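The values are calculated or read from the model by the stated rules, or taken from the named source; none is laboratory data. Computed from a predicted model, the values in this text were never measured in an experiment. As a convention, Cβ positions derive from the backbone with ideal geometry for all residues, glycine included, and neighbour counts pool all protein chains shown.
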Amino acid sequence: MAHPARHADADGRRRTAWRPLAVAVTGGALLMTAGFGVWASLDATAFNTTPQDVSSGTLSLSLDDNGAGFTSAITNIAPGDVVNRYVDLTNDGDLAAQGLTLAVDSTGSDATLVTDGTTPPTKALRVTVKSCSTTWDTSNGTCNSSGTISPLLAATPLSGLSSAQSLIAGAIAVNEVEHLQVSVSLPDQNETTVNGAPPATTIQGQSATLTYTFQESQRAGTITDS
Amino acid sequence: MRTSLLAATAALVLTIASPALAGEKAKNSRTQTVGSASWGAAGSTTSGSPAIGSPFTLHWSVSILGVNPQFFNVVNTGALALNAETYTTTISGGPKIVLTACVGADWSTVLGLLGTCSGTQVALGDSSSGPTAASVPIPAGSHVSVKAAATGLLALGNYTTSINVSVSRAQARAAVTTNS
């Protein structure tokens, strides 16, 4: 038979063994609660009472005929002929630009006028581009007011213009206008027509459609401090 | 709060960097059509169409009474004005055939079968001279009137003359530069 006093001592030791743990848990909880309370009380926010306006710039390139321009067809071009047409390119967006290029997509009723099968082509159409610092006199191809004529693209066969070629590598200011003379020429070459019939591979009586694509890139990105 | 701050900063950095990364481009295109010219000439009867690609032929029946001249046209078949042409006249046997152009007018047989020219006569060679380059202007869409005459000793019989007309690029209008 168990002794009653021994039972009482054992129960008392089991109850007192949990007390330090309970105190620690309670204390930790109090500390955590108090700690978070301190952090929350240190938060602060600031904001601009007037919203900041941000707008992006625009990049735009307009193309206008100057005189007959591109919209007027070239007819009956003969070997040695040069046909000068004039267009104005304007960087009319908000952003300055750079790197003006020209590509010409060409299709034709006969490959002879577009590419004559030789490398490099010697008989096919060629395109030349010049700029005038003032304005062109489209009646005679002179640069008005003693302006400066700058060659931008040497005579290039159409096959060499299927990929974009550089016209102006540098910067183009906002609203800057490029006054361009675009020349289409057919290299001098000889063909003899007998009894009204041209030779089998002929440059005569052909047609081609040229699509000129001018392209510019935005100026480089900048970092401004103000 | 910290997460929001980091997100806003990242967005700002990306916004600043985007112009250089995106590389916006602007382009504009126009289409232009180009057609090349043609040049050439061919013989034709005075009332018909030119025989494109074939020599123009004349048939002769030489009798003891002789043979009368024949008249035909050389038509500009191209789009360019011609300054000159090269004529090659051949005949198998028979008489010598002489070609003469009447520039500025047509040969007329009103006053006689030998024909009269109120314009300027220009020799186009003959069947014994081989190719002959003649400076006979023929505007685009126009023609020149030509007389073919049999000369020399006339051997009786039937003969056929072939006349080839060739035009090189150099014989058409010169190259030009146009501005418009």
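Consider the stretch A:213-226. How many of its residues are out of contact with any helix residue (DSSP H, G or I) (no Cβ under 9 Å at 6 or more places or on another chain) and facing chain B (nearest Cβ under 7 Å)?
Looking only at the stretch A:213-226, we keep the residues that are out of contact with any helix residue (DSSP H, G or I) (no Cβ under 9 Å at 6 or more places or on another chain), and these are A:213-217, A:224-226.
Applying the additional criterion that residues be facing chain B (nearest Cβ under 7 Å) yields A:213-217.
Residues flagged as out of contact with any helix residue (DSSP H, G or I) (no Cβ under 9 Å at 6 or more places or on another chain) and facing chain B (nearest Cβ under 7 Å) within the stretch A:213-226 amount to 5.
I'm trying to understand the selection: among the residues of the stretch A:140-178, which are of a type in the set (S, T, N, Q) and over 24 Å from the mean Cα position of the chain (by Cα)?
Step one: filter the stretch A:140-178 for residues of a type in the set (S, T, N, Q), giving A:140, A:142, A:144-146, A:148, A:150, A:156, A:159, A:162-163, A:165-166, A:175.
Those that are of a type in the set (S, T, N, Q) and over 24 Å from the mean Cα position of the chain (by Cα): A:N140, A:T142, A:N144, A:S145, A:S146, A:T148, A:S150.
Name the single residue that is farthest from the other protein chains (Cβ to nearest Cβ) among those in the stretch A:104-142 being β-branched (V, I, T) and part of a strand (DSSP E or B). So that I can check it myself, show each step before the final result.
Initial filter on the stretch A:104-142 (β-branched (V, I, T)): A:104, A:107, A:112, A:114-115, A:118-119, A:122, A:127-129, A:134-135, A:138, A:142.
If we keep only those that are part of a strand (DSSP E or B) too, we end up with A:104, A:107, A:127-129, A:142.
Details: A:V104: 9, A:T107: 10, A:V127: 10, A:T128: 11, A:V129: 13, A:T142: 9 Å.
Residue satisfying both the conditions and the ranking: A:V129.
For the stretch A:200-226, give me the residue count where each residue is assigned to a loop (DSSP other than H, G, I, E, B), in contact (Cβ under 8 Å) with a residue 24 or more places away in the chain and surrounded by fewer than 18 Cβ atoms within 10 Å (Cβ to Cβ).
First, the residues of the stretch A:200-226 that are assigned to a loop (DSSP other than H, G, I, E, B): A:200-206, A:219-226.
With the extra rule that they be in contact (Cβ under 8 Å) with a residue 24 or more places away in the chain, the set shrinks to A:201-203, A:206, A:219-220.
Narrowing the set further to residues that are surrounded by fewer than 18 Cβ atoms within 10 Å (Cβ to Cβ) leaves A:201-202, A:220.
Within the stretch A:200-226, residues that are assigned to a loop (DSSP other than H, G, I, E, B), in contact (Cβ under 8 Å) with a residue 24 or more places away in the chain and surrounded by fewer than 18 Cβ atoms within 10 Å (Cβ to Cβ) number 3.
I want to confirm something. Restricting to the stretch B:126-137 and keeping residues that are surrounded by 12 or more Cβ atoms within 10 Å (Cβ to Cβ) and touching a strand residue (DSSP E or B) at 6+ places or on another chain (Cβ under 6 Å), which single residue is farthest from B:N73 (Cα to Cα)?
B:S128
If B:A123 passes every condition in (1) of a type outside the set (V, I, T); (2) outside any strand (DSSP E or B); (3) exposed (fewer than 15 other Cβ atoms within 10 Å of the Cβ) but one, which one does it miss?
Unmet for B:A123, out of (1) of a type outside the set (V, I, T); (2) outside any strand (DSSP E or B); (3) exposed (fewer than 15 other Cβ atoms within 10 Å of the Cβ): (2).
Taking the stretch B:92-113, which residues are modelled with pLDDT of 95 or more and buried (at least 20 other Cβ atoms within 10 Å of the Cβ)?
Scanning the stretch B:92-113 gives B:I97, B:V98, B:L99, B:T100, B:A101, B:C102, B:W107.
Say whether the condition of being at the interface with another protein chain (Cβ under 7 Å from one of its Cβ atoms), surrounded by 14 or more Cβ atoms within 10 Å (Cβ to Cβ), of a type in the set (A, V, I, L, M) and assigned to a loop (DSSP other than H, G, I, E, B) is met by at least one residue in the stretch A:80-99.
So far as the stretch A:80-99 goes, no, none of its residues is at the interface with another protein chain (Cβ under 7 Å from one of its Cβ atoms), surrounded by 14 or more Cβ atoms within 10 Å (Cβ to Cβ), of a type in the set (A, V, I, L, M) and assigned to a loop (DSSP other than H, G, I, E, B).
Would it be correct to say that B:T33 is modelled with pLDDT of 90 or more and within 12 Å of chain A (Cβ to nearest Cβ)? Reasoning before the result, please.
On the way: modelled with pLDDT of 90 or more: yes; within 12 Å of chain A (Cβ to nearest Cβ): yes.
The answer is yes for B:T33.
Could you look through the stretch B:126-149, keep only residues that are among the aliphatic types (A, V, I, L, M) and part of a loop (DSSP other than H, G, I, E, B), and pick out the one that is nearest to B:N164 (Cα to Cα)?
B:V136
From the residues in the stretch A:140-164 that are free of Cβ contacts under 8 Å to residues at least 40 places away in the same chain and closer than 15 Å to A:V83 by Cβ, which one is surrounded by the fewest Cβ atoms within 10 Å (Cβ to Cβ)?
A:N140
Go through (1) in a loop (DSSP other than H, G, I, E, B); (2) more than 22 Å from the chain's Cα centre (by Cα); (3) within 17 Å of B:P69 (Cβ to Cβ) and name the single condition B:V98 misses.
All conditions are met except number (1).
Would the stretch B:152-165 turn up any residue that is of a type outside the set (K, R), closer than 23 Å to B:G53 by Cβ, free of Cβ contacts under 8 Å to residues at least 12 places away in the same chain and within 14 Å of another protein chain (Cβ to nearest Cβ)?
No, the conditions are met nowhere in the stretch B:152-165.
So that you can scan it fast, the table gives a plain yes or no per residue for (1) assigned to a loop (DSSP other than H, G, I, E, B); (2) hydrophobic (A, V, I, L, M, F, W, C); (3) within 15 Å of the chain's Cα centre (by Cα); (4) surrounded by fewer than 16 Cβ atoms within 10 Å (Cβ to Cβ):
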{"position": "B:S38", "(1), (2), (3), (4)": "yes, no, yes, no"}
{"position": "B:S47", "(1), (2), (3), (4)": "yes, no, no, yes"}
{"position": "B:P50", "(1), (2), (3), (4)": "yes, no, yes, no"}
{"position": "B:G53", "(1), (2), (3), (4)": "yes, no, yes, yes"}
{"position": "B:L58", "(1), (2), (3), (4)": "no, yes, no, no"}
{"position": "B:T88", "(1), (2), (3), (4)": "no, no, no, no"}
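Evaluate the following for A:S166: is it more than 8 Å from chain B (Cβ to nearest Cβ) and of a type outside the set (V, I, T)?
yes
With the structure loaded, tell me whether A:V184 is touching a Gly at 6+ places or on another chain (Cβ under 9 Å), closer than 25 Å to B:V176 by Cβ and β-branched (V, I, T) or whether it fails that test. Before the answer, list the steps.
Numbers: touching a Gly at 6+ places or on another chain (Cβ under 9 Å): no; closer than 25 Å to B:V176 by Cβ: yes; β-branched (V, I, T): yes.
So A:V184 fails the test.
Among the residues of the stretch A:177-202, write down those that are at pLDDT 95 or above and β-branched (V, I, T).
Within the stretch A:177-202, A:V177, A:V182, A:V184, A:T192, A:T193, A:V194 meet the criteria.
Any idea which of (1) charged (D, E, K, R); (2) more than 7 Å from chain B (Cβ to nearest Cβ); (3) surrounded by fewer than 16 Cβ atoms within 10 Å (Cβ to Cβ) is the one A:D188 doesn't satisfy?
Result: A:D188 passes all but (2).
Quick one: count up the residues across the stretch A:49-79 that are assigned to a loop (DSSP other than H, G, I, E, B) and among the acidic types (D, E). Walk me through it before giving the result.
Residues of the stretch A:49-79 assigned to a loop (DSSP other than H, G, I, E, B): A:49-60, A:66-73, A:78-79.
The next check asks that each one be among the acidic types (D, E); those that pass are A:53.
Number satisfying all stated conditions: 1.
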